[in-house]
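Where a number appears in this text, it was derived from the coordinates with a stated rule and is not lab data. Small disclaimer: the values here were computed from a predicted structure and weren't measured. Cβ: placed from backbone, ideal geometry, glycine included. Neighbour counts: every protein chain shown.
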Amino acid sequence: MTQQTVTAQVTPHMDVSWRARLRRFTTPAFFTGPAFVLVFLFFFLPVILTILISLTDMSVATISDIKFVGLKNYIRIWRSRTTWKILRNTFIYVGFTLTFFNVGLALVLALITTHIPDRWGTAFRTFWLLPRITPSVIYAIMWTWFTADAPYGIVNQFLQIFGVEPRNWMSAQPWLVVIAANGFVGASFGMIIFTSAIRSIPVDFLRAALVDGASTWQRIRYVILPMIRWPILFVVSYQTLSLLASFEYILLLTDGGPGFYTTEVWSLHAYHRALSNYFGNVQFGYGAALAAILVVIGVIASVIYLRVFRFNEMVAEPKIEVI
Amino acid sequence: MEVRLVHLSKYFGEVRAVNDLNLEIKSGEFVALLGPSGCGKTTTLLMIAGIYIPTEGEIWFGDRIVNDLLPKDRNIGMVFQSYALYPHMTVFENISFPLKLKKVPMAERRKRAQRVADMMQIGHLMDRKPAQLSGGQQQRVALARALVKEPDILLFDEPLSNLDAKLRLTMRGELKRLQKDLGITSIYVTHDQVEAMTMADRVAVLRDGRLQTFSTPDDLYNRPQTLFVAGFIGSPPMNFIDATLVQENGKVVVKAEGMRIELPDELGKRALARAKSDRVVYGIRPEHVHLDPEGDIEAEIYVVEPLGREDLLDCRLLGGSVMGVLAPAGQPVGPGDKVRLRFEAEHSQLFDPETEHTLLW
């Protein structure tokens with residue numbers, strides 16, 4: 001009798017606590033689940049597959065008989081004469097695009113559009129965002145026309161006025177075209193972030209600077225730039241990673257040329273090797289090894305940025321601007 | 001430095017933030033711009049600072065029009081409500097920032113910043129960042145930054161609003177003392193009438209962008225020029241009753257339902273001479289109405305609000321108007337009690353109900 005009573009009392013109690021414990025697990029799982037599935041399916045799984053493929057000799061020729069080859073692909077990359085050229089290209093591409101456009105030009109645009117009447121500023125920024133919503137192929141074709149060889153090409157026709165010899169700009173200055181084409185699109189991201197950061201500086205600081213005797217330039221130098229330090233670092237880190245992985249404009253504009261790997265960057269090289277080599281020689285394994293190295297570089301860079309720049313503080317600051 | 005505002009106006013689109021403002025501020029004077037929020041006082045200050053460009057009118061510093069002068073060329077110091085201390089600079093860097101912009105050599109920058117900081121009693125905090133300071137210390141740094149370049153004019157935009165009540169009292173005294181010692185012409189924007197009354201030599205009351213009155217605190221309190229000023233200055237506020245002005249047996253009398261006040265001869269004569277009709281607004285401050293068994297006005301206590309040193313009694317006259325009465329604390333009365341009131345007729349105020357201007361001063 002006594003035992004039965006005890007059991008009867010205990011069971012519902014245990015039941016409640018079991019359910020509560022389950023709910024404590026299910027609610028977070030319900031909310032984080034979709035994101036977790038997406039990240040797993042589209043990030044972790046591809047990375048693991050890439051690494052697995054990179055350890056094989058998988059190619060079109062060997063597709064029916066794939067062999068595990070260990071680190072052979074990586075050793076080939078290390079020994080390849082082109083590797084260093086491509087690495088150098090990647091640094092040129094990322095470094096220059098980042099410095100002069102994605103951060104530099106973005107900062108200039110944000111500063112200009114916040115120092116002119118608001119209506120004009122907003123209109124200008126909206127205008128500048130157009131390439132972002134233009135399909136990449138159309139944007140690239142426009143650059144191709146823009147820089148086309150004489151007697152065509154807007155650049156040629158414009159520069160002729162100043163007596164500049166017409167030329168095929170894409171082959172004469174491939175880096176300039178590649179970096180500018182990427183940069184003009186890329187700058188819009190930083191421009192938006194910097195604009196909202198500048199806007200969120202309390203107006204008293206800007207007024208105090210004027211009263212303290214600052215000129216416009218001094219106010220930018222001593223007050224505005226230090227106060228948007230974190231957004232700047234955020235854009236630097238974020239854009240480094242996106243530039244490392246991006247190649248579609250280079251693919252569409254020069255396809256790594258002209259000539260031998262002149263503008264071939266690491267991610268484009270991986271694409272060429274793995275998916276777009278001349279027929280019969282598509283080397284999945286070798287391309288995967290190249291991609292895996294890029295992933296490692298990206299992960300290392302993000303860890304450094306996360307730690308050095310204290311990422312959490314950076315993303316907390318800007319308010320999103322509605323256009 | 002003498003400051004003159006001549007027909008000064010500032011429009012934001014359709015909104016007239018400041019409307020035809022005329023003000024003459026003497027050299028070394030401490031003037032408060034007082035008014036409710038949105039009255040145009042901060043806009044006026046920002047025009048004097050050179051941050052807003054006036055739509056119309058002129059701003060004179062001494063014998064020079066400064067309308068087109070950039071803020072940096074006006075030699076003004078300004079203290080903001082938020083203090084606006086640059087968070088990325090140390091106290092020293094903040095204070096010496098105006099000198100750095102003027103390209104003053106480092107050694108002199110140090111000397112001058114230290115001297116001002118010592119005067120403000122923050123000389124030992126030079127290496128701190130603003131976030132490591134208390135509100136009162138930040139306030140002093142802001143003041144030091146405004147003073148370091150030895151400005152001709154000091155501008156204050158509600159500088160004490162962010163301090164706690166006790167500190168505000170201390171800083172009020174210190175600011176006033178400092179201003180008198182340095183003799184710098186100062187313009188002080190506030191919505192707090194106590195601040196304006198206690199600190200300023202003269203107070204300009206603004207409402208909807210227009211100047212209501214510009215006079216000494218004493219005049220403002222005892223001889224208000226307009227109904228708005230009379231109601232805005234003083235706490236608890238002045239009582240107002242719609243009344244009629246009549247002559248009875250050679251005396252000038254103010255009458256309303258349940259109320260009859262004989263004005264002193266001098267006031268009566270003046271009111272009668274200026275009144276355009278017999279309709280007036282009668283005003284009297286709560287401290288000038290007393291509970292008095294001999295009094296000739298009947299009333300009923302509506303509510304008792306103890307203020308500590310005094311009790312504020314809301315009394316309902318027979319006509320229904322409610323009258324605030326300040327009486328010594330601990331009155332043996334409660335809601336519903338019938339009492340008699342005595343008015344100090346010599347402290348009466350009379351206003352024209354149409355123009356809202358005083359009929360007395």
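General observations
- All alpha carbon pair distances within region A:91-263 were sorted into 10 Å bins beginning at 0; the resulting P(r) in whole percents reads 9, 31, 31, 19, 8, 1.
- Rounded to the nearest 0.05, the FRET efficiency derived from the C-beta distance between A:Phe158 and A:Arg229 at R0 = 60 Å is 0.95.
- Among the listed pairs B:Lys41/B:Lys276; B:Lys72/B:Lys100; B:Lys251/B:Lys338; B:Lys41/B:Lys100; B:Lys72/B:Lys149; B:Lys26/B:Lys180, those whose Cα-Cα separation exceeds 22 Å are B:Lys41/B:Lys276; B:Lys251/B:Lys338; B:Lys41/B:Lys100.
- Hz values of 3J(HN,Hα) by residue in region A:94-105 - Karplus curve (6.51, -1.76, 1.60), Gly and Pro given as x: 5, x, 5, 4, 5, 5, 7, 10, 4, 10, x, 5
- Local net charge near B:Gln225, Cβ-Cβ under 11 Å (Lys/Arg +1, Asp/Glu -1): -1
- For chain A: relative contact order, % (alpha-carbon pairs under 8 angstrom, 6 or more apart): 26
- Debye log10 I(q)/I(0) for chain B, one point scatterer per Cα, at q = 0.07 Å⁻¹: -0.41
- Global geometry of region B:1-149, whether rounded, prolate or oblate, following the gyration tensor of its Cα atoms and the 1.5 cut on a/c: prolate
- Cα gyration tensor, region B:131-180 - rounded (a/c under 1.5), prolate or oblate: oblate
- Principal axes of the protein assembly as shown: Cα extent on each, largest first, Å: 126, 106, 51
- Once divided by 2.2 N^0.38 Å, the Cα radius of gyration of region B:127-233 becomes 1.19.
- Between the listed residues B:Leu23, A:Val103, B:Val303, the Cα displaced farthest toward the positive end of the dipole of the protein assembly as shown, a dipole computed from Cβ unit charges relative to the Cα centre, is found at A:Val103.
- Once the C-beta distance of B:Leu167 and B:Leu70 is scaled by a Förster radius of 22 Å, the resulting FRET efficiency is 0.05 to the nearest 0.05.
- Sorting the segments B:60-67, A:248-255 by their mean number of nearby beta carbons within 10 angstrom, highest to lowest, gives A:248-255, B:60-67.
- Within 10 Å of each Cβ in A:200-210, the average number of Cβ atoms from other chains: 6
- By average C-beta atoms within 10 angstrom, highest first, the peptides B:240-247, B:347-354: B:347-354, B:240-247
- Model label points for A:Ile201 and A:Ala29, set 7 angstrom from Cα along the Cα-to-Cβ axis, are 5.0 nm apart.
- Note: relative contact order over region A:91-263, using C-alpha pairs below 8 Å and six or more positions apart, is 32 percent.
- Simple spin-label estimate for B:Leu307 and A:Thr262 gives 8.7 nm between the two label positions (7 Å along the Cα-to-Cβ direction from each Cα).
- Over chain A - Rg/Rh using Cα atoms and the Kirkwood inverse-distance radius: 1.13
- When +1 charges are put on Lys and Arg Cβ atoms and -1 charges on Asp and Glu Cβ atoms, the dipole computed for the protein assembly as shown relative to its Cα centre reaches about 3720 debye.
- Taking the C-alpha atoms only, the angle from helix B:91-101 to the longest principal axis of chain B is near 70 degrees.
- Residues listed by number, region B:235-268, amide nitrogen under 15 Å from B:Glu298 label point at 7 Å toward C-beta: B:257-260
- 3J(HN,Hα) along region B:344-357, derived from phi through the Karplus expression 6.51 cos²θ - 1.76 cosθ + 1.60 where θ = phi - 60°, amounts to 7, 4, 5, 9, 5, 10, 10, 10, 6, x, 7, 7, 6, 8 Hz, with x in place of Gly and Pro.
- Mean separation of Cα pairs under 8 Å and 6 or more residues apart, divided by the residue count, gives chain B a relative contact order of 15 percent.
- Given R0 = 30 Å, the distance between the Cβ atoms of B:Ala345 and B:Val194 translates into a calculated FRET efficiency of 0.65.
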